[in-house]
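A quick write-up on the structure given underneath.
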Amino acid sequence: MKLYCLSGHPTLPCNVLKFKSTTIMLDCGLDTTSVLNFLPLPLVHSPRLSKLPGWISKDGTINLEKELKECAGRVFVDSQPEFCLPEKELLDLSTIDVILISNYHCMMALPYITEHTGFTGTVYATEPTLQIGRLLMEEVVNFMERVPKAQSATSWKNKDMQRMLPGPLKDAVDVWTWKRCYGMQEVNSALSRVQLVGYSQKVELFGAVQVSPLSSGYSLGSSNWIIQSHHEKVAYVSGSSLLTTHPQPMDQSSLKNSDVLILTGLTQMPTANPDGMLGEFCSNLAMTIRAGGNVLVPCYSSGVIYDLLECLYQFIDSANLGTTPFYFISPVANSSLEFSQIFAEWLCHNKQSKVYLPEPPFPHAELIQTNKLKHYPSIHGDFSSDFRQPCVVFTGHPSLRFGDVVHFMELWGKSGLNTIIFTEPDFSYLDALAPYQPLAMKCVYCPIDTRLNFHQVAKLLKEVQPLHVVCPEQYTQPPMTQSHRSDLMLELQPPPMPYRRCSVLNLPFRRRYERVYILPELAQSLVPTEVKPGVSIATVSAVLHSKDNKHTLQSVPKPPPVPPTKKRKRVMEEPPVAPKPLLSGAVPLEAFLATLQKHGITEVKVEETAEGHILHLQAEDTLIQLEEDGTHIVCDNNEPLRTTLRDLVLRFLQKL
Amino acid sequence: MPEIKVTPLGAGQDVGRSCILVSIGGKNIMLDCGMHMGYNDDRRFPDFSYVTQNGRLTDFLDCVIISHFHLDHCGALPYMSEMVGYDGPIYMTHPTKAICPILLEDFRKITVDKKGETNFFTSQMIKDCMKKVVPLNLHQTVQVDDELEIKAYYAGHVLGAAMVHIKVGSESVVYTGDYNMTPDRHLGAAWIDKCRPDILISESTYATTIRDSKRCRERDFLKKVHESIERGGKVLIPVFALGRAQELCILLETFWERMNLKAPIYFSTGLTEKANHYYKLFITWTNQKIRKTFVQRNMFEFKHIKAFDRSYADNPGPMVVFATPGMLHAGQSLQIFKKWAGNEKNMVIMPGYCVQGTIGHKILNGQRKLEMEGRATLDVKLQVEYMSFSAHADAKGIMQLIRMAEPRNMLLVHGEAAKMEFLKGKIEQEFSIDCYMPANGETATVKTNPSVPVDMSVNLLKREMALGGPLPDPKRPRSMHGTLIMKESSLKLVSSEQALKELGLNEHQLRFTCRVALQDPYSDSETLHRVYTHLKSLLKGYTIQHLPDGTVMVESIVIKVSSSAEDANAKILLLSWSYQDEDLGSFLSSVLKKGLPSGLPKM
């Protein structure tokens, strides 16, 4: 059993597990941090961005002024932003049988894997994961296609060129493999391969392996996966949460007793407490509004935003924000809000019971109904006429490189009254803000990451007791910026097996048993004998049928009667039907002598030897050597006697 | 031999009061717990004394599963759990869990408040009963205990309707509840995978009907409503608040829109708004088309359909009224019916099945004079139309489901005996499987023949698979040999050698030595070679070796030659073999006793 690691990003994993002749991809994360190296895509022409100076090396030997622009002391690529894909060279992607998706953030690379690679397999995901994942993909495609850039920068990727560039461009890895965003056609084609699954549903793969998603508590429909056969169990833990937010709680007990547990998607903010961050978010928001400023919240269109809105729903009146407009701007804003209300089965108990009343599970329905929250597909159209300030705007993309957020950065960045509050943990806020510097607007960093922290995961692992743990290498040492915090790493016995991008791990597994089925007819013909108290054995002769990785044993069919004309010679060519069993035990002397006597053999001379006894059957001139672990019958010219003696000896022995 | 027992307490050769007991692998499961609409006495509820004469049911049942929210499938639930006594788990889907208590409360109100019955379950009992409910998601495998697992499949019939697959070890049963194999305007079609259950317990409401296409029926329905409205008549459509009502509302709503009709459409009971809300929140349970477009346009927000008030029934002019309940046995639909029955311009459209004893059933059978309470009679002059809109599978649908699931046996419930008999014949003929149709209180027993799962050593399995080649040869089946070790509940199949090792046993060698005397006028080594050549020509397909140390080996049988001191021609052949080569050894000794043929070369 092997694990191929195609992504080095610990929260956006992409691993491939080879297990019992199946090839299973675990998640399809897309590392989008690469877009931070690009200039933002403004929705309306930005004189500031278009006037940036091109970059020429200090000595003037390298001139990339068409592709690279200098902004606030940093160099950015002036091109459509590109993503860092999972490694494609490590193994042939067309051999992948299935892809298991754990949550909608971990499927963004799907079109790159399923399209144009010869992939013919199936993708498994829960319904919310599929629907919201589709929305997030649609959103990114829409953001990109709305502001097409004719130019595609490639010269800077030349190895010799890249070496000469200033950081962080110089250190960017695998820049040649970076790709532009896919289109809707690829998204639709990729998602058409998705087969929906429910929590705890058992899905058989080729009869060899069973996979099953478990609630992971992180987002709507998010799951961990169990990949198992009758005797081996792999648990794949990705993006899990023990906090009580909107999703169904995490199923921990089903992870128990796994041979290998692959652990990814821990919190990216191990030192930030989500509840504290939420409080800070609210107070900063209220403070800015009271001072007459606007609040910009760059965020994804699904996920934490539901919790933010719920928090605000309770907070608005007490903070006197009843008249402040809240805007949610995204091409999928409406869909995201609507979809969140129809997945009752996937929600926490509290929200589930609301549906029984029947009421919408999320209070943002009421915010919309009372006109406190308004949603728009983009800043164009209705929004421009409804727009009132001061206000709060939720919009994407959290990288600040594309989407409507770029417009608000340009619009509000110059005023110190306004505040931008970062809630998504995926991007460093300083890097995100770099191309907008110098900024007058206030920046507040309240990353809310509900995924497991090191303390929680240590407790979880103690509880579920996996034999081996596999994890990204980042988790085996303290974070670089806090090297003294040994509590911010995994310490386990045996130590976890670390992986990095392009690692291939041999998982410590020995398959010893396989489930087979004995058909009833054969089962009834078996004769068990007890060899030890509570332990019985039976010899089995059977025909093995293997079909679709399922094995059955059935009785050996009786050979057809041999036509009498055939010669004996011909019969001897057939292999004997059943070989003789192995024997075990010992032949006790006294009992054996008694048995011989019963069969009319009375003249027995017994001679003691070092190893046992030699019995001389004088009338028959036959020797029987009885030893602890062997019996030797020496008998000439008397086949009937020999077979009788054989059968008498066999009476005392166990047959295996 | 293991067997599965199925006993209907209700719905055995009958429609209504569905309640079926299944015993499988030592587990007892109750499927549905419904009431009978046709009775007002004891026969209303299933006879739970069949399970136990006295005391609670908890000890006798491992779980209760409710297929959908119709009262003939869940109406007796609070009675069973709170009045008879059952504290175990009750499984149902989320929509059923949401809607079922509302219908139960409605039913309780009609029975207790309107009819003044006592000794009936209370509102609190409904609440307590619902606390025992464990929600079930589609396709989720729920482990009731270590051995019993259940899995729900989409059944179509009404919002949240499910079929269940019940499995203990390798034995399994599927119960369909009520289902529909064709998608309609708001729900999808039932679906199940090829799970090959030992028994498929199917409803058979429309066992003998093969219904024309849905579109024709819809057109027919709209035409009748339209004609009646045109001539100024009033149309009453008795429905249950949830289910068919929403489908017909969608149908009329779009028709009114298209034809620009002005006659009012009303929906009785305050439940409407609420009911439609359930549909909006459980949109994932509706059909694909509604699910796909719900963000843009929610099909359950109606423009033309308004809430009904009792006083409207006397308004002049045409109108369409949806009123509950659907079988005209009580409540508002019955009141309106009484009001309108005397006018031949009016029309009542029965869109679903009516159980025996209800007024719906009577008028559908052409009865024109009805005896009402207090010896009054009612003349029925209005038009009575029946439209099969209730979403049950027809004969074609049932056959389709059998093809999908491939059951080993079939069992019919929830239908009329005569119709079942007909379908039973058809099933047995087409699929060559046994089909049962037990009456209430009667037990159908099906013997199962499960395979025995064992753990086979991978080494042994791989060896066998490598030897066996990719395809089995039917003429020469290869047989494999091993030892089955039975220890506590574990069954392991390993090679004999490994079995010795695992059990810590020593091998006992049984050997035979046999001297064969024969006359052969050659030197010892020449004789040995003659033996070699002889056996070589005799035994094809065996490994025969002439070793330099003066032995011949046939497989592992050792043959040596010596001659007696007195007569150099009198040779003694020494054969030695182990018990494992017994057949061959015994055969060789008998062959050699006959002597060597002349004609053999000496070297």
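What follows draws every value from the coordinates through simple rules; no lab data is involved. Note that the structure is a prediction, hence the values are computed from the model and not measured. Please note: Cβ atoms are built from the backbone with ideal geometry, for glycine as well, and neighbour counts cover all protein chains shown.
Some values worked out for this structure:
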item	result
Pair A:R512, A:E145: separation of 7 Å Cα→Cβ label points (nm)	5.6
Top positive-direction residue, dipole computed over chain A with Cβ charges, set A:A458, A:T370, A:T552	A:T370
Range of Cα positions in segment B:3-57 per principal axis (Å), largest first	36, 26, 13
Eligible lysines near A:K170 by straight Cα distance, threshold 19 Å, same-chain separation 8 or greater	A:K58, A:K66, A:K69, A:K157, A:K159, A:K179
Nonlocal amide H pairs with B:G188, under 5 Å, H built at 1.01 Å	B:N287
From phi via Karplus (6.51, -1.76, 1.60), per-residue ³J(HN,Hα) for segment A:135-148 in Hz, x at Gly/Pro	4, 5, 5, 4, 4, 4, 4, 4, 4, 6, 6, 5, 10, x
Chain B: relative contact order in percent, alpha carbon pairs under 8 Å with at least 6 residues between	14
Angle between chain B longest axis and helix B:417-431 axis [Cα atoms, degrees, rounded to 10]	30
Label-to-label distance, nm, for residues given as B:A307 and A:Q369 (7 Å Cα→Cβ offset)	1.4
Neighbour net charge for B:M553 - beta-carbon separation under 14 angstrom, K R +1, D E -1	-1
Highest average packing first - B:68-75, A:421-428, Cβ atoms within 10 Å	B:68-75, A:421-428
Cα radius of gyration and Dmax for chain A (Å)	35.8, 122
Extent along principal axes [Cα atoms of segment A:58-190; Å; largest to smallest]	55, 33, 23
Principal axis dimensions, segment A:575-656 - Cα atoms, whole angstrom, descending	38, 28, 21
Residues B:R297 and A:A72, FRET efficiency given R0 of 51 Å [Cβ-Cβ distance, rounded to 0.05]	0.60
Gain upon complete extension [B:K426, B:D59; 0.36 nm per residue less C-alpha separation]	128.2 nm
Table column - 3J(HN,Hα) (Hz), segment A:86-96, Karplus curve with 6.51, -1.76, 1.60, x for Gly and Pro	x, 4, 9, 8, 5, 8, 6, 5, 6, 8, 6
Loop-located trypsin sites (Lys or Arg not before Pro) in segment A:107-214 whose Cβ has at most 13 other Cβ within 10 Å (DSSP)	A:K170, A:R180
Partner chain coverage, peptide A:354-365 - average Cβ within 10 angstrom	4
Peptide-level mean, for B:243-254, of C-beta atoms on other protein chains within 10 Å	0
Separation of the B:Y386 and B:K127 label points, Cα + 7 Å toward Cβ, nm	4.3
Segment A:483-527: mean projected area of Cα convex hull, nm²	7.4
Within 10 Å of each Cβ in A:515-526, the average number of Cβ atoms from other chains	5
Extended-chain gain in nm, criterion 0.36 nm per residue less alpha-carbon gap, B:A517 and B:N343	50.9 nm
Rounded to 5, percent antiparallel among DSSP beta bridges of segment B:214-386	15
Amide H partners (placed H, <5 Å) of A:K233, local residues excluded	A:D259, A:V260
Added length on full extension, which subtracts the Cα-Cα distance from 0.36 nm per residue, B:V558 to B:E502	17.1 nm
Inter-part distance where segment B:89-165 and segment A:430-459 are each reduced to a Cα centre, Å	46
Value of Rg/Rh across segment B:214-386 [Cα atoms, Kirkwood radius]	0.97
Beta bridge orientation in the protein assembly as shown: antiparallel %, DSSP, nearest 5	60
Karplus (6.51, -1.76, 1.60) ³J(HN,Hα), θ = phi - 60°, over segment B:529-543, in Hz, Gly and Pro reported as x	5, 5, 4, 4, 5, 4, 5, 4, 6, 7, 9, 8, x, 10, 7
Two-site FRET efficiency, A:E463 against B:D145, from Cβ-Cβ distance with R₀ of 25 Å, rounded to 0.05	0.70
Check: chain A dipole with +1 on Lys, Arg Cβ and -1 on Asp, Glu Cβ, in debye	920
Greater than 19 Å apart at Cα, pairs in B:K560/B:K593; A:K20/A:K550; B:K5/B:K194; B:K109/B:K234; A:K18/A:K88; B:K224/B:K280	B:K5/B:K194; B:K109/B:K234; B:K224/B:K280
Calculated P(r) of the protein assembly as shown - Cα pairs past 60 Å, %	34
Average Cα contact separation per residue, segment A:68-144, under 8 Å, 6 or more apart, as relative contact order %	29
DSSP-defined beta bridges in chain B - what % are antiparallel, rounded to 5	60
Ranked by how many other beta carbons lie within 10 Å on average, peptides B:310-316, A:484-490 from highest	A:484-490, B:310-316
Qualifying lysines (Cα of each under 21 Å from Cα of B:K501; at least 8 residues distant if same chain)	A:K532, A:K580, A:K655, B:K462, B:K487, B:K492
Among B:542-549, A:468-475, A:367-374, the order from most to least packed when residues are scored by Cβ within 10 Å on average	A:468-475, A:367-374, B:542-549
Aspartates and glutamates whose Cα lies under 13 Å from that of B:K127, excluding same-chain neighbours fewer than 8 positions away	B:E82, B:E105
Under 5 Å, built H, 5+ apart or other chain: amide partners of B:D87	B:T58
Ellipticity estimate at 222 nm from DSSP helix runs (n ≥ 4, -39,500 (n - 2.57)) divided over the protein assembly as shown, nearest 500	-7500 deg cm²/dmol
